[in-house]
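S.K.: One structure, pasted below without further comment.
The values are calculated or read from the model by the stated rules, or taken from the named source; none is laboratory data. Because the structure is predicted, anything quoted here is derived from the model rather than measured. Cβ sites come from the backbone with ideal geometry, for glycine too, and all protein chains shown count toward neighbours.
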Amino acid sequence: MNKLTISLTIFAMALGGCGDDDRDGDDTITLMDSGPATDMGTGTDLGTGTDGGGTRSCEQPLPNLVDLNMDPMAMGMLLPRCEAATVDCVNACEDLDCQTACLQADTTPSVDIGAAQPLDCELCFNVQFNSCLFDACPTQGADFLCCTEDQGCSDINNCPACGTESDAFSACAMPAASGCFTADYLAACFAM
């Protein structure tokens, strides 16, 4: 299972109003999670297996595009992936569907990152949001991902065998999620 195949719909439902009317008139990004992130095609083992040092890949931190962008091979071409105007669009939204539409309508050209996966505005947002949540809750996130891997769950958002791990990750990530909306994690995706 690819670690970035993570749909945070459980967070989107619980976050409801997080970001829709919290604006104070500045350029703060107050986005809601726009849905599933997918394979980044970084060449790093993001699926099953180990990193050669005995650590399972599900125990490793999720990729952060800011860090990947600084890789000499990326040549600073990954970020930003969204127009500045997209921030205004999403901040004017009242719900997740509207914000998702804004991210999908962004016209910044995508970057081919391999594995038939273009890095566009929506994927940039998803990768950064997921990375922020997993950085805030590394133990709970790893326990959840490793459980879904061990149980062979093809849809990690519907894996009853990992309910305890999912609940623990959600309990940790919910308070952290609101900070992820305004953190540098997301700001990196947008041309400001």
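S.K.: Only residues that are at negative phi and either more than 21 Å from the chain's Cα centre (by Cα) or assigned to a loop (DSSP other than H, G, I, E, B) (or both): list them for the range 150-162, please.
M.R.: Asp150, Gln151, Cys153, Ser154, Asp155, Ile156, Asn157, Asn158, Cys159, Pro160, Ala161
S.K.: Kindly indicate whether Gly163 is free of Cβ contacts under 8 Å to residues at least 40 places away in the same chain and out of contact with any helix residue (DSSP H, G or I) (no Cβ under 9 Å at 6 or more places or on another chain).
M.R.: Numbers: free of Cβ contacts under 8 Å to residues at least 40 places away in the same chain: yes; out of contact with any helix residue (DSSP H, G or I) (no Cβ under 9 Å at 6 or more places or on another chain): yes.
It is true that Gly163 is free of Cβ contacts under 8 Å to residues at least 40 places away in the same chain and out of contact with any helix residue (DSSP H, G or I) (no Cβ under 9 Å at 6 or more places or on another chain).
S.K.: Further, regarding this structure: Could you check how many residues of the range 80-112 are under 16 Å from the mean Cα position of the chain (by Cα) and at pLDDT below 90?
M.R.: Residues in the range 80-112 being under 16 Å from the mean Cα position of the chain (by Cα) and at pLDDT below 90: 1 in total.
S.K.: Can you tell which of Gly114, Gly141 is touching a residue at least 24 places away in the same chain (Cβ under 8 Å) and out of contact with any helix residue (DSSP H, G or I) (no Cβ under 7 Å at 6 or more places or on another chain)?
M.R.: Gly114
S.K.: Check whether at least one residue in the range 173-191 is modelled with pLDDT of 90 or more, touching a helix residue (DSSP H, G or I) at 6+ places or on another chain (Cβ under 6 Å), crowded, with 19+ Cβ neighbours inside 10 Å and part of a helix (DSSP H, G or I), and report yes or no.
M.R.: Yes, that holds for at least one residue.
S.K.: Give the residues of the range 102-149 that are of a type in the set (Asp, Glu) and in a helix (DSSP H, G or I), sorted by residue number.
M.R.: Glu122, Asp135, Asp143, Glu149
S.K.: Step by step: first the residues of the range 146-172, then only those that are farther than 10 Å from Leu133 by Cα and of a type in the set (Ser, Thr, Tyr), then the one that is surrounded by the most Cβ atoms within 10 Å (Cβ to Cβ). Which residue is that?
M.R.: Checked the range 146-172; the qualifying residue surrounded by the most Cβ atoms within 10 Å (Cβ to Cβ) is Thr148.
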